[in-house]
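What follows is a single structure, written as structure tokens, with notes after it.
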Amino acid sequence: MGERKVFSMQIVNFSDKYWDEFHHLISDHWKKDHPILNKALFTWQYTGFGGDRGQWATKLLFVDGKLVGFRGIIPGVYQVPSGSGMKYRDGAGLAMWLVHPLYRGKRLGYRLFQEVEQQYSVLLTLGSNKKTAQPFYLRNRFSHLHALHRYVVPLEAEGYV
């Protein structure tokens with residue numbers, strides 16, 4: 001029988017103190033000039049809106065004290081059917097995620113997903129890769145819309161373009 005390495009895993013919310021480590025993870029294992037490495041863009045996208053506005057919901061995965069993964073989370077407010085009417089619920093848009101190549105296949109990406117699933121009752125994702133992310137979401141009870149028509153009404157009109 002082969003030996004199994006046991007490691008210490010920790011999932012935490014992003015904070016500014018992790019920016020340099022995060023930058024290295026994306027630069028080294030995704031793309032050196034990825035747009036999300038622009039800190040102003042990253043902050044704008046991932047601090048979202050709704051009840052958690054201005055707070056970091058994005059998850060970071062540490063193994064033995066080293067940052068090896070992240071799950072981009074965009075907090076928001078969503079209107080969902082409830083009984084005979086509609087109700088507003090805090091939820092999250094699932095955005096990018098990455099696990100260091102040396103740690104793939106160990107279900108760590110799934111652990112990041114579970115952490116988010118426990119925190120939010122409404123989850124959605126858009127623009128998923130049909131060969132990688134989409135099968136994952138379908139296995140985890142997400143519905144797939146074959147066509148998407150977006151109509152936007154800003155909750156706060158000021159500053160909306």
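Here are some notes:
- Heavy-atom accessible area ranking, 1.4 Å probe, most first, across 96, 9, 86: 86, 9, 96
- Euclidean distance of C-alpha centroids, the stretch 112-135 and the stretch 14-77, integer Å: 16
- Solvent-accessible area per residue, Å², over the stretch 1-131 with all protein chains present [probe radius 1.4 Å]: 61
- Net length gained if the chain between residue 49 and residue 80 were fully extended (0.36 nm per residue, minus Cα distance): 9.5 nm
- Full extension of the chain between residue 130 and residue 111 gives 4.7 nm of extra length, using 0.36 nm per residue less the Cα-Cα distance.
- Size of electric dipole in the stretch 31-139: Cβ of Lys, Arg +1 and of Asp, Glu -1, about Cα centre, debye, nearest 20: 400
- Rg and Dmax of the stretch 32-141, Cα atoms only, in Å: 14.9, 49
- Anchor residue 31: lysines whose Cα lies under 23 Å away (excluding residues fewer than 8 positions away in-chain): 17, 39, 59, 66, 106, 130, 131
- Counting protein heavy atoms only, the stretch 11-144 has 50 percent of its accessible area on carbon and sulfur, 1.4 angstrom probe.
- Packing, taken as the mean count of other beta carbons within 10 Å per residue, orders the peptides 99-111, 124-136 from highest to lowest as 99-111, 124-136.
The values are calculated or read from the model by the stated rules, or taken from the named source; none is laboratory data. Values in this document were obtained by computation on a predicted structure and should not be read as measured data. Because the Cβ atoms are built from the backbone with ideal geometry, glycine has one as well, and the counts that use them run over all protein chains shown. We work out accessible area using only protein heavy atoms, side chains counted, and drop any ligands, DNA or RNA first. Shrake-Rupley method; radii C 1.70, N 1.55, O 1.52, S 1.80 Å.
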